[in-house]
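Q: Provided herewith is a single structure, encoded as structure tokens, for subsequent inquiry.
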Amino acid sequence: MAGAVVEPAVQAAVANALAEVRQRIGAACDRAGRASGEVALIGVSKFQPTERVQAAVACGLLDLGENRAQDLLRRVADLEGASGVRWHFLGPLQRNKTRAVAELATAFHALERLEVASRLSRQRPDHLPPLAVYVEVNLAGEASKAGVAPADAPALVDAVRDLPGLRAAGLMAMPPAAAVAADNRRWFAELRALGERCGVAGLSMGTSADYEVAVEEGATAVRVGRQLFGDR
Ligand SMILES: *Cc1c(COP(=O)(O)O)cnc(C)c1O
């Protein structure tokens, strides 16, 4: 693998954090009567030193998330030779930055505009499977947050279904900042209900602050950064 040598202390810290997060996901699945294989753990590597990311890959964490196109390009170059890594783009994504995501990512978790979806579909290389797309939903109608209004999600999901380079994987949300994780249970439950109305199975929800509650409420992908890699 390219890049710096990983210090043993860094390797051990990331390995321990990863084991703990996996254990907590497993426990949350047990509480909810779910199989732990139903939940994908995405390690959010944004702004982290390459060494920590390499350590996670060495432990078998192969789903990684970035949120800026230039960072995705740099990360792919840094980890060149690390086989099997799947990149998840958590973006907001501007229309002039779609190519990197279309060519390098497995999934895009922050779709809010049909124009971006159309570009991604056109730019998706034929030799790759369709790009998995999650429509981001602004559940609480927060002015500071990205995402479509809940009422607009079904139409955008349907539009994605018509694009050959994309697969309508599901919905994604970042609920309001909460004092305690349990406060977000209602938002996660709301996203699950909306996913059922849209006819999609994927629910990308839960971060370091609240992924266990998200798993209890049906998350199929959790996006965990600081809990795995340390503070940014
Ligand atoms: C940064 C980020 C995360 C991870 O947040 P942590 O608090 O580090 O777990 C998850 N989702 C999105 C969209 C992000 O931008």
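Q: Convert each backbone phi in segment 154-170 into a coupling constant with the Karplus relation 6.51 cos²θ - 1.76 cosθ + 1.60 (shift: θ = phi - 60°), then list the ³J(HN,Hα) values in order as whole Hz, x for Gly and Pro.
A: x, 5, 5, 4, 4, 5, 5, 4, 7, 9, x, x, 10, 10, 6, 7, x
Q: Here is a further query. Please list, in chain and number order, the residues 5+ apart from L166 or on another chain whose amide H is under 5 Å from its amide H, with Hs placed from the backbone.
A: L131
Q: For the chain, what does -39500 (n - 2.57) per DSSP helix run (n ≥ 4), summed and divided by total residues, give at 222 nm, in deg cm²/dmol to the nearest 500?
A: So the calculated ellipticity at 222 nm is -12000 deg cm²/dmol.
Q: Ordered by residue, what ³J(HN,Hα) values in Hz, to whole numbers, does segment 48-63 give under the Karplus form 6.51 cos²θ - 1.76 cosθ + 1.60, where θ = phi - 60° and Gly and Pro are x?
A: 8, x, 3, 4, 5, 5, 4, 4, 5, 4, 4, 8, x, 7, 10, 9
Q: Leaving ligands, DNA and RNA out of it, work out the accessible area of D162 with a 1.4 Å probe and give it in Å² to the nearest 10.
A: 130 Å²
Q: Continuing with the same structure: Given an 8 Å cut-off on Cα distances and at least 6 residues of separation, report the relative contact order of segment 133-221 as a percent.
A: Here the relative contact order equals 28 percent.
Q: What does the accessible area of L163 come to, in Å² to the nearest 10, when a probe of 1.4 Å is used?
A: 30 Å²
Q: Relative contact order (percent) for segment 17-68, with alpha-carbon contacts under 8 angstrom and 6 or more residues of separation? Let's see the in-between values first.
A: Details: 31 pairs, mean separation 18.1, N = 52.
Computed value for segment 17-68: 35 percent relative contact order.
Q: Specify the longest stretch of the chain that does not include any exposed loop site, a site being one of the GluC sites (Glu not before Pro) with a non-H, G, I, E, B DSSP assignment and at most 14 other Cβ atoms within 10 Å. Could the numbers behind the result be given before it?
A: Values: sites that count: E80, E142.
My reading of the result: 143-232 is the longest stretch.
Q: Also, quick follow-up: Taking 22 Å as R0, compute the FRET efficiency from the Cβ-Cβ separation of E51 and A15 and round it to 0.05.
A: 0.95
Q: Which whole-number percentage describes the relative contact order of the chain, with Cα contacts under 8 Å and a sequence gap of 6 or more?
A: Relative contact order, the chain: 20 percent.
Q: Right, next: In whole Hz and in residue order, list the ³J(HN,Hα) couplings for segment 124-133 that follow from phi through the Karplus curve 6.51 cos²θ - 1.76 cosθ + 1.60, θ = phi - 60°; x for Gly and Pro.
A: Listing the rounded values in order: 5, x, 4, 7, 9, x, x, 5, 6, 10 Hz.
Q: Right, here's the next one. What does the accessible area of K46 come to, in Å² to the nearest 10, when a probe of 1.4 Å is used?
A: 50 Å²
Q: Going by Cα centres, segment 175-232 and segment 76-125 are how many Å apart?
A: 22 Å
Q: I've got another one for you. Would any residue of segment 191-208 have its amide N under 15 Å from a label point 7 Å out along Cα→Cβ of R31? List them or say none.
A: Residues 206-208 fall inside that zone.
The values are calculated or read from the model by the stated rules, or taken from the named source; none is laboratory data. All figures in this text were calculated on a predicted structure; none of them were measured in a lab. Every residue, glycine among them, receives a Cβ derived from its backbone with ideal geometry; neighbour counts consider all protein chains shown. With ligands, DNA and RNA removed, areas are computed over all heavy atoms of the protein, side chains included. Shrake-Rupley method; radii C 1.70, N 1.55, O 1.52, S 1.80 Å.
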